Amino acid sequence: MQLLLIASIGKAQGLRGALHVTPFNAASPLWAPGSELVLVSGDLVKGGQPDAVEAPDDRRLRLATVREGSKGRLVCTFAGVDGRDAAEALGGSYLAVPLEAVAPPDDPDEVLFHEVRGWDVVDTAGKVLGAVVAVVETYTELLEVRPKRGGASFFVPIVKEIVTAFDRAGRRVVIDPPEGLVP
């Protein structure tokens, strides 16, 4: 099943089964008690790529409590995860939702990472520079772009000074690259 990753699970906190969770969008309405999420093994996720993955949806978790933690994390408990040992067993996994249950963002300038794979990357004059291969998460998200003319991929930071528009209808990303960014 196609699943959209929404968070990574970190270490257990305390003795009662709470977990540190790093959400990819902390403002999502999914972070409410009662939400049903899918547990995805960390082995099925390519490092650094928060995205959609193909994975079984046979392990569901119901969010019981959620509160803000430190460093942008949430502290969550899940129904049936009772105690530190049970929580520690989930560390290194991810939380996801079925992709078909996710509506595209209302804001035309907002996209989900899985959408842009395969989109053309064009400069502000409309010249095609390449195609998006992946979105890579580092200190900031990067578009990995394979040049149209071949050769090694290059990376475009997803910052407003460089990425000027996401054109969902045209399936393209418009960039204003600084000198030296595009080989």
Open item on the list: Go through (1) of a type outside the set (Val, Ile, Thr); (2) within 19 Å of ASN25 (Cα to Cα); (3) in a loop (DSSP other than H, G, I, E, B) for ALA152 and report which single condition fails.
Closed with: (2)
Open item on the list: Could you check region 58-78 and list, in sequence order, the residues that are within 22 Å of LEU4 (Cβ to Cβ) and exposed (fewer than 15 other Cβ atoms within 10 Å of the Cβ)?
Closed with: ASP58, ARG59, ARG60, ARG62, GLY72
Task: Test: ALA165 is assigned to a strand (DSSP E or B), in contact (Cβ under 8 Å) with a residue 24 or more places away in the chain and out of contact with any helix residue (DSSP H, G or I) (no Cβ under 7 Å at 6 or more places or on another chain) - done: yes
Open item on the list: For region 84-92, check the following and say yes or no: at least one residue is basic (Lys, Arg), under 23 Å from LEU112 (Cβ atoms) and touching a strand residue (DSSP E or B) at 6+ places or on another chain (Cβ under 8 Å).
Closed with: no
TODO: Check region 31-52 and report whether any residue there is among the aliphatic types (A, V, I, L, M), touching a residue at least 24 places away in the same chain (Cβ under 8 Å) and loosely packed, with under 12 Cβ neighbours inside 10 Å.
DONE: yes
Task: Close pairs from region 62-82: first within 10 Å of THR22 (Cα to Cα) and in the same structural domain as PRO29 (by TED's automatic domain parsing), partner outside any loop (DSSP other than H, G, I, E, B) and of a type in the set (Lys, Arg), Cβ under 6 Å, at least 6 apart - done: VAL75/ARG67
TODO: Could you check, for region 46-67, whether at least one of its residues is among the β-branched types (Val, Ile, Thr), out of contact with any Ser or Thr (no Cβ under 8 Å at 6 or more places or on another chain) and more than 27 Å from LYS11 (Cβ to Cβ)?
DONE: no
Open item on the list: Condition first: under 16 Å from the mean Cα position of the chain (by Cα), closer than 24 Å to ALA27 by Cβ and small (Gly, Ala, Ser). Can you find one or more residues in region 91-99 that meet it?
Closed with: yes
Task: Condition met for VAL21 (at pLDDT 95 or above and either part of a loop (DSSP other than H, G, I, E, B) or more than 27 Å from GLU144 (Cβ to Cβ) (or both)) - done: no
TODO: Confirm whether VAL135 is of a type outside the set (Asp, Glu), modelled with pLDDT under 95 and over 28 Å from VAL45 (Cβ atoms).
DONE: no
- [ ] May I ask you to list the residues in region 103-140 that are in contact (Cβ under 8 Å) with a residue 40 or more places away in the chain, among the aliphatic types (A, V, I, L, M) and in a loop (DSSP other than H, G, I, E, B)?
- [x] VAL111, LEU112
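A quick yes/no check of all residues on (1) among the hydrophobic types (A, V, I, L, M, F, W, C); (2) outside the structural domain of LYS46 (by TED's automatic domain parsing); (3) crowded, with 16+ Cβ neighbours inside 10 Å:
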site	(1), (2), (3)
LEU129	yes, yes, yes
ALA134	yes, yes, yes
TYR139	no, yes, no
PRO147	no, yes, yes
ALA152	yes, yes, no
LYS160	no, yes, no
PHE166	yes, yes, yes
ARG171	no, yes, no
GLY180	no, yes, no
Open item on the list: Conditions first: (1) farther than 20 Å from ILE9 by Cα; (2) exposed (fewer than 14 other Cβ atoms within 10 Å of the Cβ); (3) modelled with pLDDT of 95 or more. PRO104 passes all but one, so which condition is the exception?
Closed with: (3)
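The values are calculated or read from the model by the stated rules, or taken from the named source; none is laboratory data. Since the model is a prediction, treat every value here as computed from it, not as a measurement. All Cβ positions, even for glycine, are placed from backbone atoms using ideal geometry, and neighbour counts span all protein chains on display.
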